[in-house]
Amino acid sequence: MRKLKKIEVLRELLNENISILRCPVCKKSIKYIKESSVLCENNHCFNISKKGYVNLVKNNAKTIYDKKLFESRSKIYEYGIYDELSKEIIDIVDKYTSKKNVNFVLDVGCGEGYYLNQLYSDEKINSRCKLFGIDISREGISLATRYENSILWSVSDLSNLPFKNDKLDIIIDILSPSNYSEFTRVLNKGGVVIKVIPDEHYLKEIRSEIKGKIKKDTYSNKNVINSFKDNLEIIYDKRITYKTNIYNLEDFIKMTPLTSGLSKEQINELNKCDIEKITVDLKIIVGKVK
């Protein structure tokens, strides 16, 4: 049997899930899946990439998240540095999808798709979840399609999600911005948001080295948590803290937005620092629609 091309898998996924999708321009239903495009009721047209994703953003947004950042982050994931977080996410998704045969799960700001691919690789979750990954960065989504799976990837804006109201069961938001009005719009009754945010010691070794070189070299998640509480009812939270070998400092420096404001000279200086271990300090919050 011939192996399907990525664009063919994508067309199948779009057809399977067409009933929950909507046009980000006019908010009408997506109606037609053609050879290399998606059209809504009003004939707004969006391109399907042969790499295996659909571009639902009319104008490409400028972002600090470039191809080098995503490639470096992929290497960091391969080192297993975030495996503990991945296992926690899998356990939480497993818990909140166990009562339904079909669940719709969206990762917003999915980047290169690591966490969604980990979910897809879990047999129980794969059997009862349809997985969607969106990111505003075409470079990130393009890299996500390298995985051999049945995840629907799209370049989309989290402030204008391409889903109809009350259709999703879970939104995963890992170290990314949030748009709670959109989250609560697309989540069904009983739907939950799984949000991961840095805690105070996250990457403290790098923060220590760049102290005084960027505008904000200290971090507090208080405002982020308060905003979450204002929009959702917190039903679970957990802090994950551990130190791990850094393996390749240069990849860490490239993958974190912390260093985006540094000059080339400052980056080169940072690469020479004697940092062998890094602190991972993250907070997981789960909230349901009020």
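Derivation of every value follows stated rules applied to the coordinates shown; laboratory data play no part. Bear in mind the structure is a predicted one, so any value in this text is a computation, not a measurement. Here the Cβ is made from the backbone with ideal geometry for all residues, glycine too, and neighbour counts use every protein chain on show.
Data overview
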{"quantity": "Whole-Å distance, taken between Cα centres, linking the stretch 4-54 and the stretch 216-290", "calculated": "35 Å"}
{"quantity": "Dipole magnitude (debye, nearest 20) for the stretch 41-80, charges at Cβ of Lys, Arg, Asp, Glu", "calculated": "160 debye"}
{"quantity": "Cross-link partners of Lys243 among lysines (Cα-Cα below 16 Å; sequence separation of 8 or more within a chain)", "calculated": "Lys204, Lys277, Lys283"}
{"quantity": "Of the trypsin sites (Lys or Arg not before Pro) in the stretch 86-115, those whose Cβ has at most 13 other Cβ within 10 Å and which sit in DSSP loop", "calculated": "Lys99, Lys100"}
{"quantity": "For the stretch 140-176 versus the stretch 65-116, the gap between their alpha-carbon centres in whole angstrom", "calculated": "11 Å"}
{"quantity": "Computed magnitude of the charge dipole of the stretch 6-289 (debye, nearest 20; Cβ of K, R +1, Cβ of D, E -1)", "calculated": "880 debye"}
{"quantity": "Peptide ranges 15-23, 106-114, 35-43 listed from the most packed, as the mean C-beta count within 10 angstrom indicates", "calculated": "106-114, 15-23, 35-43"}
{"quantity": "From the C-alpha gyration tensor of the chain, square roots of 5λ in Å", "calculated": "32, 22, 18"}
{"quantity": "Between 0 and 90°, nearest 10: helix 222-231 axis offset from the chain longest Cα axis", "calculated": "20 degrees"}
{"quantity": "Alpha-carbon spread of the stretch 173-290, three principal axes, descending order, Å", "calculated": "51, 26, 21"}
{"quantity": "Convex hull of the stretch 156-235 built on C-alpha atoms - directionally averaged projected area, nm²", "calculated": "6.4 nm²"}
{"quantity": "Cysteines, the chain, no other Cys beta-carbon under 4.7 Å", "calculated": "Cys26, Cys45, Cys110, Cys129, Cys273"}
{"quantity": "Stokes-Einstein D (µm²/s) once Rh is taken as the Kirkwood radius of the stretch 104-170 over alpha-carbon pairs, at 10 °C in 1.306 mPa s", "calculated": "133 µm²/s"}
{"quantity": "Charge context of Ser49, other residues only, Cβ under 9 angstrom, K/R +1, D/E -1", "calculated": "+4"}
{"quantity": "Net charge over other residues, Cβ less than 12 angstrom from the Cβ of Glu200 (K, R count +1; D, E count -1)", "calculated": "+3"}
{"quantity": "Estimated dipole of the stretch 1-140 in Debye, rounded to 20 [Cβ of Lys and Arg +1, of Asp and Glu -1, Cα centre]", "calculated": "700 debye"}
{"quantity": "Whichever lysines have a C-alpha closer than 16 Å to that of Lys3, once near sequence neighbours (fewer than 8 apart) are set aside", "calculated": "Lys50, Lys51"}
